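The values are calculated or read from the model by the stated rules, or taken from the named source; none is laboratory data. Worth saying up front: this structure is predicted, and the values here are computed from it rather than measured. Methodologically, a virtual Cβ is constructed for each residue, glycine included, from the backbone with ideal geometry; neighbour enumeration extends over all protein chains shown. Note: areas computed on protein heavy atoms with side chains; ligands, DNA, RNA excluded. Shrake-Rupley method; radii C 1.70, N 1.55, O 1.52, S 1.80 Å.
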Amino acid sequence: MTVWNLGSINADHVYRLPHLPRPGETLAAQDYAVGLGGKGANQSVALALAGAQVRHIGAIGVDGRWMAERLAEFGVECSAVAELAMASGHAIIEVDAAGENAILIYPGANRAIAAPRVVQALAAAQAGDWFITQNETSAQAEAAAAAHAQGLSVAYSAAPFEAAAVRAVLPHVTLLIVNEVEAAQLCAEMGVALKDLPVPHLVVTLGARGAVWHDLGAGLAHETPAFPVIPVDTTGAGDTFAGYLIAGLSQGLEPPAATRRAAAAAARKVTRAGAADAIPARDAVDAFLADQPSE
Ligand code: ADP
């Protein structure tokens, strides 16, 4: 079973500064690092590390070849990642001495993905595969519709929240994954309570308070507590959770077991700084779970 991910690929440029620059100020950074990020790439890496077979659909600019290579090193199949004549998606992340940050994102090639190319890539998918997407690319609605029509299960991280994009994708969704803030935004936008959202399955992540899986059709909810850890950097916690969750489901785990493993992976992630490069591998997650008191 394959997981197809239409998702963003970003270079995260992280600058350490004594304070966040004020308008008009020129400030020298004390440290600089670049790493692979973007919600889509993070989820593909989490999927691959969790042991799923994952094919990424996306786009980079000519400056972004290293990112496709890095994804491939993690085991992500990248033949449907196009190289376009424009800048790759990137984020300029400024972090001050107290850990406060300011982030500028330029979507670049991520928002120039052509829907027909995505639909063509998905033609090789099989009924029973998973399709996942987020809100940092173009073509999500067309892709989700094609995947759904082909008999794939469709998972959607509706983040960053954008009302029109979410409304277009929602009719094709099997499993919606949102954090608490996005859940509230979505309910306000649709004018309904959480239990009345028009999707069969919903996962709401609650940061250090865990996550809840709602089977909205059956009217059931299952809570998964977070694992207590000392967080260092919560970037990518939701993506690690989503990637591990879909990997588990695609590997035949029941929702409670898949969510528990996803929570363990996300807990490990938040103890390390960085995005894709800080997502834990499956053996580390399994060892962490084995060390926990039983449920
Ligand atoms: P997002 O990053 O999308 O805002 P959340 O902050 O809700 O998502 O985090 C996703 C999941 O990651 C949570 O459901 C939880 O399992 C785990 N997680 C997040 N923050 C922590 C934390 N401080 N300690 C332990 N687990 C965490």
query: For VAL212, all conditions in the list (1) free of Cβ contacts under 8 Å to residues at least 24 places away in the same chain; (2) open to solvent by less than 70 Å² (accessible area, probe 1.4 Å); (3) over 20 Å from ILE132 (Cβ atoms); (4) not basic (Lys, Arg) hold save one; what is the number of the exception?
result: (3)
task: Test each condition in (1) surrounded by 20 or more Cβ atoms within 10 Å (Cβ to Cβ); (2) modelled with pLDDT under 95; (3) away from the ligand (no atom under 16 Å from the Cβ) for ALA144 and report the one that comes out false.
output: (2)
- request: Kindly establish whether GLU162 is among the acidic types (Asp, Glu), within 16 Å of the ligand (Cβ to nearest atom) and in contact with a Phe, Trp or Tyr (Cβ under 6 Å, 6 or more places away or on another chain).
  value: no
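Conditions tested, residue by residue: (1) open to solvent by less than 20 Å² (accessible area, probe 1.4 Å); (2) touching a Ser or Thr at 6+ places or on another chain (Cβ under 9 Å); (3) part of a strand (DSSP E or B); (4) among the polar types (S, T, N, Q).
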{"residue": "VAL14", "(1), (2), (3), (4)": "no, no, yes, no"}
{"residue": "LEU20", "(1), (2), (3), (4)": "no, no, no, no"}
{"residue": "LEU27", "(1), (2), (3), (4)": "no, no, no, no"}
{"residue": "GLY40", "(1), (2), (3), (4)": "yes, yes, no, no"}
{"residue": "LEU47", "(1), (2), (3), (4)": "yes, yes, no, no"}
{"residue": "ARG55", "(1), (2), (3), (4)": "no, yes, yes, no"}
{"residue": "GLY58", "(1), (2), (3), (4)": "yes, yes, yes, no"}
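Determine, yes or no, whether ALA265 is more than 23 Å from ALA144 (Cα to Cα), touching a Lys or Arg at 6+ places or on another chain (Cβ under 9 Å), within 12 Å of the ligand (Cβ to nearest atom) and touching a residue at least 12 places away in the same chain (Cβ under 8 Å).
Judged against the criteria, ALA265 is a match.
For segment 226-273, give me the residue count where each residue is assigned to a loop (DSSP other than H, G, I, E, B) and open to solvent by 30 Å² or more (accessible area, probe 1.4 Å). Outline the logic, then answer.
The first filter runs over segment 226-273 and keeps only residues assigned to a loop (DSSP other than H, G, I, E, B), leaving 226-236, 251-254, 271-273.
Checking the rest, the ones that are also open to solvent by 30 Å² or more (accessible area, probe 1.4 Å) come to 226, 228-235, 251-254, 271-273.
Total meeting the criteria: 16.
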- prompt: Are any residues in segment 199-224 more than 18 Å from the chain's Cα centre (by Cα) and more than 8 Å from the ligand (Cβ to nearest atom), and if so, which ones?
  reply: VAL199, PRO200, HIS214, ASP215, LEU216, GLY217, ALA218, GLY219, LEU220, ALA221, HIS222, GLU223
field: Hits in segment 147-159 (condition: within 15 Å of the ligand (Cβ to nearest atom) and closer than 21 Å to GLN251 by Cα)
entry: ALA155, TYR156, SER157
query: Does at least one position in segment 181-193 carry a residue that is within 19 Å of ALA247 (Cα to Cα) and at pLDDT 95 or above?
result: no
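Given segment 93-200, what strands (runs of 3 or more DSSP E) lie entirely inside it while holding 1 or more residues that are under 30 Å from ALA33 (Cβ atoms), among the aromatic types (Phe, Trp, Tyr) and free of Cβ contacts under 8 Å to residues at least 24 places away in the same chain? Even if it seems obvious, please write down each step before you answer.
Details: elements: 101-106, 130-133, 153-157, 175-179.
Qualifying strands (runs of 3 or more DSSP E): 101-106.
VAL166 - would you say it is aliphatic (A, V, I, L, M), in contact with a helix residue (DSSP H, G or I) (Cβ under 8 Å, 6 or more places away or on another chain) and within 17 Å of PRO198 (Cα to Cα)? Explain how you work it out, then say what you get.
Details: aliphatic (A, V, I, L, M): yes; in contact with a helix residue (DSSP H, G or I) (Cβ under 8 Å, 6 or more places away or on another chain): yes; within 17 Å of PRO198 (Cα to Cα): yes.
Against the criterion (aliphatic (A, V, I, L, M), in contact with a helix residue (DSSP H, G or I) (Cβ under 8 Å, 6 or more places away or on another chain) and within 17 Å of PRO198 (Cα to Cα)), VAL166 qualifies.
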